[in-house]
Amino acid sequence: MTSNAVQWDEKLDEPYIDIVAVPGIRLTPLRDGDEASIAKLQREPMIAARMYTIPSDDFVKKNMSEVRETIEALKFALKDPETPHTFAFGYPFQSIRNSDGEVIGLLSLRPFEHDPRGISKEQMLALPRKEQTWIVGYKLHPAYQGKGIMSSSLKTAIDEWIKPWMGVGQLTAGIELDNLASLALAERVGFRRELVIDIPWTTGGTRKLAHYLKDL
């Protein structure tokens, strides 16, 4: 099988994907020590105002533990281009970094736990991959917005990892109806709006959420 954009950084001992459309930006796993950068990102008023939940203090360590097996398998797979890409499961590229290695954004992916079929996360993961739906979430530091970084990062993650390596059938996203920039981003990357719902918000009241889908 031919190689793709997923590479291995020997110095940092981690996989990465360069965002070709935006030089100096790359997707990598989270690392020990990222907590301060992520806390700073989440304190930005534009981001904090739209956060449904606040990640736990052990968010980084928990994520690193969840993707460790995928990363270890990937290290060996990248040495053998004949290895079938679809051996890999999970999404290890949650951080968006600038050329200095600082976390400037997050791009998350996890099994969709509110599937209209009424199945649990465990039941979802037991389905053939092409029948699975995963939910994507993203946030980017305001200083880096408007430069095409997030749309390029999401498109790259889909084209270079989610489709060829994970092989899941569908992505979903929930976006606040008044977040026009995020709505436009999702549509640029090929998501289609399915419906708008009112959901209870953790800080009180309800907010209108647009539900998007993308078939892979």
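The values are calculated or read from the model by the stated rules, or taken from the named source; none is laboratory data. Quantities reported herein were computed from a predicted structural model and do not represent experimental measurements. Heads up, the Cβs are rebuilt from the backbone with ideal geometry, glycines too, and the neighbour counts pull from every protein chain shown.
Candidates are the residues of region 1-20 that are assigned to a loop (DSSP other than H, G, I, E, B) and within 18 Å of the chain's Cα centre (by Cα); the one that is surrounded by the fewest Cβ atoms within 10 Å (Cβ to Cβ) is Val20. The single residue among Leu180, Leu185, Leu195 that is under 18 Å from Leu109 (Cα atoms) and out of contact with any Cys (no Cβ under 9 Å at 6 or more places or on another chain) turns out to be Leu185.
Of all residues in region 162-208, how many are closer than 23 Å to Gln145 by Cβ, in contact with a strand residue (DSSP E or B) (Cβ under 7 Å, 6 or more places away or on another chain) and basic (Lys, Arg)? Result for region 162-208: 3. Against the conditions (1) modelled with pLDDT of 85 or more; (2) buried (at least 20 other Cβ atoms within 10 Å of the Cβ); (3) not in a strand (DSSP E or B); (4) not aromatic (Phe, Trp, Tyr), Val60 satisfies every one except (1). Selection over region 193-205 of residues that are modelled with pLDDT under 90 and assigned to a strand (DSSP E or B) gives a count of 2.
Of all residues in region 38-53, those that are under 17 Å from Ile104 (Cβ atoms) have Cβ atoms under 6 Å from Cβ atoms of residues that are modelled with pLDDT of 85 or more and part of a helix (DSSP H, G or I), 6 or more apart or on another chain, in Glu44/Pro142; Met46/Pro142. State whether one or more residues within region 50-57 are assigned to a helix (DSSP H, G or I) and surrounded by 12 or more Cβ atoms within 10 Å (Cβ to Cβ). So far as region 50-57 goes, no, none of its residues is assigned to a helix (DSSP H, G or I) and surrounded by 12 or more Cβ atoms within 10 Å (Cβ to Cβ).
Just so you know, in region 121-150 the residues that are crowded, with 18+ Cβ neighbours inside 10 Å and over 16 Å from Gly90 (Cα atoms) include one that is farthest from the chain's Cα centre (by Cα), and it is His141. Ala186 falls short on exactly one of the conditions (1) in contact with a helix residue (DSSP H, G or I) (Cβ under 6 Å, 6 or more places away or on another chain); (2) closer than 24 Å to Gln42 by Cα; (3) surrounded by 14 or more Cβ atoms within 10 Å (Cβ to Cβ), and that condition is (1).
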